[in-house]
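The block underneath contains the structure these notes are about, expressed in structure tokens.
The values are calculated or read from the model by the stated rules, or taken from the named source; none is laboratory data. Just so it is clear, the model here is predicted, and its values are computed rather than measured. So basically every Cβ, Gly included, is an ideal-geometry build from the backbone, and we count neighbours across all protein chains shown. What goes into the accessible areas is simple: the full protein's heavy atoms, side chains included, and nothing from ligands, DNA or RNA. Shrake-Rupley method; radii C 1.70, N 1.55, O 1.52, S 1.80 Å.
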Amino acid sequence: MYGYPPQQTNRPPSPAPTADSTRYPSLYEHPEFQSLRRSFRTFGAIAATLVVGGFLLYVLLSSFASRVMNRPLAGHLTLGLALGLAQFAVVAFAVWRYTVHMRRRIDPAARRLRAELGRPEPGRAGRERPRVPQEGRFRAW
Amino acid sequence: MVTVSASVANRLSLQLTFVLFLSVVVVTLFTALLTAPQRDEISEFYLGNRNMSALRNGLAMCGDYVSAATLLGSTGLVALTGYDGLLYLGGTTVAWMTVLLVIAEPLHNSGRFTLGDTLALRLPRLHRPVRLALAICTLTVTTLYLVAQLIGSVALLTQFIGEPSQITRTLCVVVIGTIVVVYAALGGMPGATFIQVVKAVMLVAGVAITAVVVLTHFRWNVNALLSAAAHNSGVGPRFLESGLRYGGGITSKLDFFSLELAIVLGLAALPHVVMRLLAPRTNGVLRTSVVWAMGLVGFVCLAAGILGLGATAIVGREAIARIDPRGDAAVLLLAQSIGGGVLTALISCLAFVTLLAVAAGLTLAAASSLAHDLYGEVVRKGRATQAEELGVARMAAAVIGLLGMLLALLPWETSTASLAFLAFAIAASAILPALVYSLFWRRFSAHGALLSLYGGLICSILLVVFSPVVSSTPTSIYPHVDFAWFPLQNPGIVSIPAGFLLGWLGSVLRPHQETVAQKEFEIRALVGAVRG
């Protein structure tokens, strides 16, 4: 059960198509997998750089360009405070775009590739799954 | 450190707090025992059988993440330093972006019980040394953070009864520590989840009520709140400008940036948060639960900002600083002045439950790492039975709790915040590079993993030892000696790049030929086809 890593990896890749491990690397060259990989990484890298990098830039600006950030906009609201509130909006926007991107671009492709592997469900370790329906006392709500 | 002559609360609210806290503890302990794993199954103990819904898991993530340092410490920071404190709250929210965009789904797809399983899958040849290194880093991070929570409980008690005697201090740490160990050792993941969900609901409700009361006090006019805060801060409009706390010189500006860097990046590698990411069954549930958690954390942070500003506006900065120079009493003082004894009792009970929930999550994460990675895979080389591993996990929870209590009882004059920040810095500089590289970098090798794990850990600890936290300033642990050649209190700005650099260096110097394992891992991380 804890023979982790799976024993397959210790075997040299054999030509026999029955083993899962030989199908994994062949799927790797699949054009759809490559485009999926590119799409996931590009979005993640760009979004994370923009949001997290943008926040760190805002922190740096607040310390080193305090003149600009302390400019009042309306009443006691300064440019710095407004940008700080905007961070929350930016985060919300990025989360929304991320869920849309995953639903439209990543999930369908991943489902198709999973079918290619002959695994109908993205279930976790197969051994645990059949037990769950009997589970009565710790239901999800 | 905290010299309280006038205590925050009166006798009524102290008794009310005690009753509330006791009833929450009793209810959650019973539920933890009822939902505790009945069979000797590690998947149930570590991950609660993965049958949690998105909302429940999102609440538990929020409960795991928002510590007493955030609730009391950061509102105090806002109350004392205004703008700089608000920046800190922003970082706390933005940190979740790293989790959602970079780590969450690939880790969930490729993960199993612990972070060590993910690294082992990626680097199968040398997976035992890597697991060992990872377990050492995990233990360091969780123990530091646990000690921070326990010290926080003493600090909280101080708000009520003044400087506690050695016996009261010991009693407080031992009682809190024992409850935490019971949650983690007997309840496992279901038990810890329950207390975290309860805590998250209480937290959201508590801060929402208080924020609404504060806003009503100013007739929902934010400008009036800002104006009153600036007026009562004693420093005028400078309160709403940057530089009140960190503005001194270039060193303190860099120090603050270093802290924000560690907060923004460290969250994604904190062991108890990572464990929560592994708990949902499917990717969809995980995504929804992280979005829930982000919404809740964002809400709590916004409300905490309002509470901090409100505390300055209503109580006044002088009064807060007089009770506790670090500002930890701000929110309690605010509750006392706007809601009387009942609200004070509610908020302080909330703070104690917060401590409990975070500490339970930490203890569980440390115990999983010890039992699964260290005992199951390194000591027994994967031959341990489930029952055996589970026994070790329960024992490990007790040992970790005991270690935390002992360390918390050492007469260190150290603050909750600096220990918690060190834990964030270590997570970001040791665990995060190994995690990010193994998820996204094709040429990452086991030697790179070992170098970044040990290197990042040693680098951040050494930098803190030779920093003003340990020596040379009146607030240091050893104020009378001076061996602080590193000027910053937060090592992140140096140690995080160092961790990534070491991981790269190790992989380039000692490359490996695990292309099959690497391709398999990448497919698994993206497509999510997991074999048993």
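More than 9 Å from every other protein chain (Cβ to nearest Cβ) and either of a type in the set (G, A, S) or on the phi < 0 side of the Ramachandran plot (or both): does that describe A:F55?
When the stated conditions are applied, A:F55 does not pass them.
Quick one: in the range B:486-520, which of the residues that are among the aliphatic types (A, V, I, L, M) and within 25 Å of the chain's Cα centre (by Cα) is most open to solvent (accessible area, probe 1.4 Å)?
B:V494
Among the residues of the range B:421-477, which ones are of a type in the set (V, I, T) and assigned to a loop (DSSP other than H, G, I, E, B)?
Those that are of a type in the set (V, I, T) and assigned to a loop (DSSP other than H, G, I, E, B): B:V469, B:V470, B:T473, B:T475, B:I477.
Within the bounds of the range B:506-523, is there any residue that is within 9 Å of another protein chain (Cβ to nearest Cβ) and small (G, A, S)?
yes
Of everything in the range B:287-332, what is within 11 Å of another protein chain (Cβ to nearest Cβ) and either assigned to a loop (DSSP other than H, G, I, E, B) or of a type in the set (V, I, T) (or both)? Give them in sequence order.
Selection gives B:T288, B:V290, B:V291, B:V297.
Can you tell me which condition B:Y454 does not meet? The list is (1) away from chain A (no Cβ under 14 Å); (2) hydroxyl-bearing (S, T, Y); (3) without any contact (Cβ under 8 Å) to a residue 24 or more places away in the chain, and all the others hold.
That leaves (3) as the condition not met.
Could you tell me whether any residue of the range B:202-223 is buried (at least 24 other Cβ atoms within 10 Å of the Cβ) and closer than 30 Å to B:R394 by Cα?
Scanning the range B:202-223 turns up at least one residue that is buried (at least 24 other Cβ atoms within 10 Å of the Cβ) and closer than 30 Å to B:R394 by Cα.
Filter the range A:73-99 down to the residues that are in contact (Cβ under 8 Å) with a residue 24 or more places away in the chain, touching a Gly at 6+ places or on another chain (Cβ under 8 Å) and either more than 8 Å from every other protein chain (Cβ to nearest Cβ) or open to solvent by 20 Å² or more (accessible area, probe 1.4 Å) (or both) and list them by number.
Residues satisfying the conditions are A:Q87, A:V90.
Please enumerate the residues belonging to the range B:329-363 that are among the polar types (S, T, N, Q) and buried (at least 23 other Cβ atoms within 10 Å of the Cβ).
B:T344, B:S348, B:T354, B:T363, listed by residue number.
For the range B:187-202, give me the residue count where each residue is polar (S, T, N, Q) and more than 14 Å from chain A (Cβ to nearest Cβ).
1
Hey, could you check the range B:164-219 for residues that are of a type in the set (K, R) and touching a residue at least 60 places away in the same chain (Cβ under 8 Å) and say which is farthest from B:S348 (Cα to Cα)?
B:R169
Filter the range B:72-98 for residues that are at the interface with another protein chain (Cβ under 10 Å from one of its Cβ atoms) and aliphatic (A, V, I, L, M); which is farthest from B:F239 (Cα to Cα)?
Among residues in the range B:72-98 that are at the interface with another protein chain (Cβ under 10 Å from one of its Cβ atoms) and aliphatic (A, V, I, L, M), the one farthest from B:F239 (Cα to Cα) is B:M97.
Specify the residue that is farthest from B:P433 (Cα to Cα); the eligible residues are those in the range B:469-485 that are out of contact with any strand residue (DSSP E or B) (no Cβ under 9 Å at 6 or more places or on another chain) and open to solvent by 20 Å² or more (accessible area, probe 1.4 Å).
B:P474
So which residues in the range A:28-72 are surrounded by fewer than 19 Cβ atoms within 10 Å (Cβ to Cβ) and in contact (Cβ under 8 Å) with a residue 40 or more places away in the chain?
Within the range A:28-72, A:H30, A:E32, A:S35, A:S39, A:F43, A:L50 qualify.
Can you tell me which residue is most open to solvent (accessible area, probe 1.4 Å) among those in the range B:40-59 that are at pLDDT 85 or above and facing another protein chain (nearest Cβ under 8 Å)?
Across the range B:40-59, the extreme among qualifying residues is B:L55.
Might you let me know whether the range B:494-505 holds any residue that is over 23 Å from B:F424 (Cβ atoms), assigned to a helix (DSSP H, G or I) and either within 14 Å of another protein chain (Cβ to nearest Cβ) or touching a helix residue (DSSP H, G or I) at 6+ places or on another chain (Cβ under 7 Å) (or both)?
Looking through the range B:494-505, at least one residue is over 23 Å from B:F424 (Cβ atoms), assigned to a helix (DSSP H, G or I) and either within 14 Å of another protein chain (Cβ to nearest Cβ) or touching a helix residue (DSSP H, G or I) at 6+ places or on another chain (Cβ under 7 Å) (or both).
How many residues does the range B:368-381 hold that are within 11 Å of chain A (Cβ to nearest Cβ) and open to solvent by less than 20 Å² (accessible area, probe 1.4 Å)?
Number of matching residues: 4.
Do the conditions hold for B:T178, that is, is it polar (S, T, N, Q), under 14 Å from B:I400 (Cβ atoms), away from chain A (no Cβ under 14 Å) and crowded, with 19+ Cβ neighbours inside 10 Å?
Considered against the rule, which asks whether it is polar (S, T, N, Q), under 14 Å from B:I400 (Cβ atoms), away from chain A (no Cβ under 14 Å) and crowded, with 19+ Cβ neighbours inside 10 Å, B:T178 comes out as no.
Pull out all pairs, ordered by first then second residue, where Cβ-Cβ is under 6 Å, the residues are six or more apart or on different chains, the first lies in the range B:104-124 and is at pLDDT below 90, and the second is open to solvent by 10 Å² or more (accessible area, probe 1.4 Å) and polar (S, T, N, Q).
Qualifying pairs under 6 Å: B:P124/A:T9.
Any residue at all in the range B:428-448 that's more than 14 Å from chain A (Cβ to nearest Cβ), open to solvent by 20 Å² or more (accessible area, probe 1.4 Å) and at pLDDT below 95?
Checked against the condition, which is being more than 14 Å from chain A (Cβ to nearest Cβ), open to solvent by 20 Å² or more (accessible area, probe 1.4 Å) and at pLDDT below 95, the range B:428-448 yields at least one hit.
If B:A384 satisfies every condition in (1) open to solvent by less than 60 Å² (accessible area, probe 1.4 Å); (2) without any contact (Cβ under 8 Å) to a residue 12 or more places away in the chain; (3) under 30 Å from B:I496 (Cβ atoms); (4) not acidic (D, E) but one, which is the exception?
Evaluating B:A384 over (1) open to solvent by less than 60 Å² (accessible area, probe 1.4 Å); (2) without any contact (Cβ under 8 Å) to a residue 12 or more places away in the chain; (3) under 30 Å from B:I496 (Cβ atoms); (4) not acidic (D, E) leaves (3) as the failure.
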